[in-house]
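Structure record follows, encoded as structure tokens.
FYI, it's all coordinate maths here, none of it is from the lab. The model shown is predicted, which means the values in this text are computed figures rather than measured ones. With ideal geometry, Cβ positions are generated from the backbone for all residues, glycine too; neighbour counts draw on all protein chains shown.
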Amino acid sequence: MTAPMTARLARELAAAVDELRRMTVQVRTRGPAGAGVLWDSEGSNGSALVITNAHVLRGDQATIELNDGTVARAQVVARDAKRDLAALEFEPSRELLFVVVRDSPPLRLGEVVIAIGHPGGLVGAATLGIIHRVEQEREAGAPRWIRADVRLAPGFSGGPLADTTGRLVGVNTMMQGSLALAVPAAAVEAWVRRSHTPVAR
Amino acid sequence: MSTVLQSLSTELADAVQSAGRAVVAIHARRRIPASGVHWRPGVIVATHHTISRDENITVTLPDGTTVPASLAGRDPSTDLAALKLVGQSFPTPSIRLDTPPKVGELVIALGRPGPSLTASWGVVSRVDGPWRTWQGAEIDSLLRLDLAIYDGFSGGPLIDGAGRVLGINTSALARGVPVTIPGATVERVVTELLERGTIRRAYLGIGTQRVRVPESLARKLELQGDVALLIVSLEPGGPADRDGLLLGDVLLEIEGAVVSDPADILAKLGGDRVGRPLTARVIRGGQMKTLQVTPGERPKSRAA
């Protein structure tokens, strides 16, 4: 018996994960590696930006390892412990694939999402889940967290939570029981704009 | 370009959206509200264990309004409860009764532990025939789930990929392991709760313990098995006491069927047995004895 749909699903999932891995880096300071996403800083100075969780970093410098094994030194240029976000700058030696933020349509409850991270040194691991809860507008203005029914582990912190088209939905930050909490991509975008204005050299 | 992966995502979100229109939050305990399903027009199905009071119950509807609800009845043995709403019109879900779920089928559990709907996904991990809860109620089929339980899981619906309701979820029937009470059982229990407010169950007023009958005695009495049930407690004035069963009697058969587990007795005590005599065979003083026992209606929260 053939299962053409399941086979296609498997192929598409593998392709989506492959693409997301190219936008995901390892962020190493002391201790176990965290994850980070390659962010298009629109800067003219040739440097590139990595967004990760503040709690992943110890100190002001980190080693970035890209999916192809390229290693670079990176400097922390912004950090917000309260929002648990940090931005690092590094000089890329090649063209990078940056994450694309999903601005619209709004997230739907039950939508499939993919998380990429490096749990226990397993580089570029993927896990699949669905959006667990979408905050209703009357509860608060902008939602503080994206809540997903995705099983994460330490090492996913700072990595991407993406939709099935590969667009960034959030930055994975915490586990709450078997729920994943991610900083919404729109909030990350606003934070980057606020805290990191690239200066032309 | 629409891929299979994207279609899957869209269909799951569609299923959640459609079934979610019938999922409500129930405020009948302290702290976090529990979930319920608008099963029939004006009737909300919820789980018994999440309703800790009979009065002052309110329900938050999918549109966000909170309205009062009255408790129509509850059944601890199936962990189901029925609530009535007056003057509210909102959708009831489509309920899948014709095709039972299969092991490995993709399913979603919905809840509303507050104004917002929640969803978790997984697969049906086990499907089996009828089973009995620890309080003796028969559930039409066993549905075990491989998915994460969150606040609001109990009382929420398990839905399929098309948004059809397969049953009501509860974490209280199998020591915290998530199970789904199938739609057929919910239908049956809700109908009876709306008619009578409780589920009638017959009872004898005995407590039993499994014992091994000595081989010589089993041979002498020509028994089919060697395990029987020793009566270790007898409710004074209860049906068994009244009809002459004694403490220390060893129960062998009810209505011609061997009883070797307390659940075998429960199986003979459906609501329709109240007031209808049963034939019981016991060993008393080394001799076989046949008695007639007429079950009574079980008072609330009492065992067999």
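Quick notes on this one:
- Computed over the stretch B:1-67, relative contact order equals 29 percent, with contacts defined as Cα pairs under 8 Å that lie 6+ residues apart.
- Per residue, the average separation of C-alpha pairs within less than 8 Å and at least 6 apart gives chain B a relative contact order of 15 percent.
- The share of alpha-carbon pairs in the stretch A:49-98 lying farther apart than 19 Å comes to 24%.
- Kirkwood hydrodynamic radius of the stretch B:82-215, from the reciprocal of the average inverse Cα-Cα distance over all distinct pairs: 16.6 Å.
- Converting the Cα gyration tensor eigenvalues of the stretch B:170-263 into ellipsoid dimensions via √(5λ) gives semi-axes, longest first, of 33, 19, 13 Å.
- Reported value for the stretch B:156-206: 108 Å³ per residue, from the convex hull of its C-alpha atoms.
- Cut-off of 10 Å, at most 12 other beta carbons, DSSP loop: longest stretch of chain B lacking such GluC sites (Glu not before Pro): B:56-221
- Rounded D (µm²/s) - chain A, Kirkwood Rh over Cα pairs, Stokes-Einstein at 10 °C, 1.306 mPa s: 93
- Listed from fewest to most Cβ neighbours within 10 Å, the set A:191, A:39 follows the order A:191, A:39.
- All-pairs alpha carbon distance profile, the stretch A:57-153, 10 Å steps from 0, percent: 12, 31, 38, 18, 1
- Stokes-Einstein D (µm²/s) once Rh is taken as the Kirkwood radius of the stretch A:1-95 over alpha-carbon pairs, at 10 °C in 1.306 mPa s: 109
- Using θ = phi - 60° in the Karplus curve 6.51 cos²θ - 1.76 cosθ + 1.60, the 3J(HN,Hα) couplings for the stretch B:223-228 round to 7, 7, x, 10, 9, 9 Hz; x is entered for Gly and Pro.
- Taking A:53, A:45, A:172 in turn, the Gaussian network model of chain A (Cα-Cα springs below 10 Å) assigns the largest fluctuation to A:45.
- Note on A:122, B:117, B:193: ascending count of other Cβ atoms within 10 Å places them as A:122, B:193, B:117, the fewest first.
- Over the stretch B:34-81: Kirkwood hydrodynamic radius from C-alpha pairwise inverse distances, Å: 11.2
- Average Cα contact separation per residue, chain A, under 8 Å, 6 or more apart, as relative contact order %: 21
- Here the residues B:126, B:276, ranked from fewest to most Cβ neighbours within 10 Å of their Cβ, fall in the order B:276, B:126.
- Residue of B:73, B:111, B:42 that the Gaussian network model of chain B assigns the largest fluctuation, springs spanning Cα pairs under 10 Å: B:42
- Unit charges on C-beta of K, R, D, E only; dipole of the protein assembly as shown, Debye: 940
- GNM result for chain B, Cα springs below 10 Å: residue of B:287, B:209, B:17 fluctuating most strongly: B:287
- P(r) histogram, all alpha-carbon pairs of the protein assembly as shown included - 10 Å bins from 0, percent: 4, 17, 21, 18, 15, 11, 8, 4, 2, 0, 0
- Distance histogram in 20 Å bins (all Cα pairs of chain B, percent per bin): 32, 45, 21, 2, 0
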